[in-house]
Amino acid sequence: MASTQVKKINDGSDNGGRWFMIGIIAVFVIGAAAVAFVASNRNSAASNSNIERGTDVDVFADVSISGDPLPAMPGSGVLADPATDAAVGTIAPTLVGTDFSGNPVSIEPDGRPKAIYFLAHWCPACQEEVPSVVDLIESGALPEGVDLYGISTSVDQTRGNFPPNNWLAREAWTPPIMLDTAGSEALLAYGAGPFPFVVYLDGDNRVLARSSGVLGESQITTIWETLAAS
């Protein structure tokens, strides 16, 4: 079982999340229809993956969680309304874990805005979203200074597309991947929305927004650009 350290953090809540969402909405209205990217060839891109392949790779690992858990993701809408998402403006827990090769991975207040993608190998929506994210990264759409992380969670060897490391390697996923615990403790600490569940943080790990379900490439790009300007 993962070790979990809990400490009280002043949420320092402000209107950052609201302005973040206003920025997203404004860009959608002005120019979402103009955003387009050409998908990369999946077979050739797979060689760019840094994920260890194989069936004997660990799919669970301990995660150290420092900080108060986020409230549950609101159930309505792909992009949570900051007026109803109690997590917006609060500090997300710091996560310290490992990737499929046992290398350390940390998600912490490091001064850089970031998007945390919680992914389940058996989830059809994740299987649709991951190629879009990979294509956008390869096309240069990820703004300078914004970091992406993946968290492989809710692993179930009785369900399709197992093991998750082979799936992510096949899709040429290159951002750091953290393994969740068998009890999905990292997912629960961040509020556990439907997959793919994404939490957008500023450089202080303050929650700016959360989303769940499939986003189009123009929506993903808009959020990344707004995140870069946070």
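The numbers here are math on the coordinates, done by the rules we state, and not lab data. Source: prediction; values computed, not measured. Here the Cβ positions follow ideal geometry from the backbone for every residue, glycine too, while neighbour counts run over all protein chains shown.
Values as computed for the structure displayed
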| read-out | value |
| --- | --- |
| Among the candidates 171, 144, residue that is touching a helix residue (DSSP H, G or I) at 6+ places or on another chain (Cβ under 9 Å) and surrounded by fewer than 16 Cβ atoms within 10 Å (Cβ to Cβ) | 144 |
| The range 58-107: number of residues that are farther than 21 Å from residue 153 by Cα, surrounded by fewer than 16 Cβ atoms within 10 Å (Cβ to Cβ) and either among the hydrophobic types (A, V, I, L, M, F, W, C) or in contact (Cβ under 8 Å) with a residue 40 or more places away in the chain (or both) | 2 |
| Inter-residue pairs, beta-carbon under 9 Å, first at negative phi and without any contact (Cβ under 8 Å) to a residue 24 or more places away in the chain and in the range 202-230, second in a loop (DSSP other than H, G, I, E, B) and of a type in the set (Val, Ile, Thr), 6+ apart | none |
| Check on residue 99, over 14 Å from the mean Cα position of the chain (by Cα) and under 16 Å from residue 190 (Cβ atoms) | no |
